[in-house]
Every structure is written in C-alpha cells, then in structure tokens.
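Written out below as structure tokens is the structure these notes cover.
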C-alpha cells in the first residue's frame, strides 16, 4: 500500500479524534476531571481534525494543512502553559482558556465533552509517570511533523 497525502491526513484526523476519546474515557471512567486548559486542548484537537479532513478532500490542501499546523502550534503553547503556569495556580477562572471555551459555547452545547469540571491545580495528574498535558504536547508535535511531511507526498 502506497501512502498518499490524503491517507496520512485522514489518519492524523482520526488520531486527533482518538485523543479526544481518550480524554473522555479518562474523565468519565477514571474520574480525571478537566480544567479549562484541558478543554481548550480538546477543542484544538477537534479543530485540527476538521482542518485535516478538509485538506484531505477539498482543494486548497496547503491552506487547510497550514491552518492545522498553526492550530497544533497553539496546542503546544496551551499544553506548555497548562503545565508551567496554570497547574501551579489554585484557580484558572477567567483565564484565556476559560474565556475561549465559554465564548465558543461548546461547553453549553456538549457539556459531557467540553464542560470545565476542575481547577487547573486539581486537574494536574500524571499518566504513566508523565503529566497528562505532556501526552497532548507530544501528539501536537507529531501532528506538526506528520502534517508537513504529508504535504510532500503525492
């Protein structure tokens, strides 16, 4: 099987959806409640998935993938901020993440997926001895590299 740009972009979009699915399992099965920065990263993963699917099937692939890469870079910034700043704060009320999440309105539209349920300090947990946000950070880096690589495929 030959890899094509389209197949790589679709696979990356599915990976983004799987990341949100894993976060939902963590939340609803293992009681790891999300903070505003966690929810913002979910929103970013969904946005990246949509952009990659648009890039896979519509003309203007470079523009869609470029926006997906920029979104992944924003995700990297969000994960780093969550780890180094927000997780050390007892309250993350009215932070940029909280304003974006409530401003978009997804928390009201789909509360089980996008509702903030914890403070940043309470949501600071490890998974396999790594902070949860570093798993997101790693996936964002993979997305940037793989999306740029996919553009070079025929």
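The values are calculated or read from the model by the stated rules, or taken from the named source; none is laboratory data. As the structure is a computational prediction, the values presented were derived from the model and not from experiment. We place every Cβ from the backbone using ideal geometry, glycine too, and count neighbours over all the protein chains shown.
Scanning region 110-154 for residues that are part of a helix (DSSP H, G or I) and touching a strand residue (DSSP E or B) at 6+ places or on another chain (Cβ under 8 Å), we see that the one that is nearest to residue 68 (Cα to Cα) is 135. Within region 131-146, not a single residue is within 18 Å of the chain's Cα centre (by Cα), surrounded by fewer than 13 Cβ atoms within 10 Å (Cβ to Cβ), more than 11 Å from residue 34 (Cβ to Cβ) and modelled with pLDDT under 95.
Based on this model, can you work out whether residue 97 counts as surrounded by 21 or more Cβ atoms within 10 Å (Cβ to Cβ), more than 27 Å from residue 50 (Cα to Cα), touching a residue at least 40 places away in the same chain (Cβ under 8 Å) and out of contact with any strand residue (DSSP E or B) (no Cβ under 8 Å at 6 or more places or on another chain)?
no
This table checks each residue for (1) farther than 27 Å from residue 130 by Cα; (2) under 13 Å from the mean Cα position of the chain (by Cα).
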{"residue": "7", "(1), (2)": "yes, no"}
{"residue": "12", "(1), (2)": "no, yes"}
{"residue": "41", "(1), (2)": "no, yes"}
{"residue": "53", "(1), (2)": "yes, no"}
{"residue": "58", "(1), (2)": "yes, no"}
{"residue": "89", "(1), (2)": "no, no"}
{"residue": "96", "(1), (2)": "no, no"}
{"residue": "102", "(1), (2)": "yes, no"}
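Given (1) surrounded by 22 or more Cβ atoms within 10 Å (Cβ to Cβ); (2) outside any helix (DSSP H, G or I); (3) more than 15 Å from the chain's Cα centre (by Cα), identify the lone condition not met by residue 33. Single failed check for residue 33: (1).
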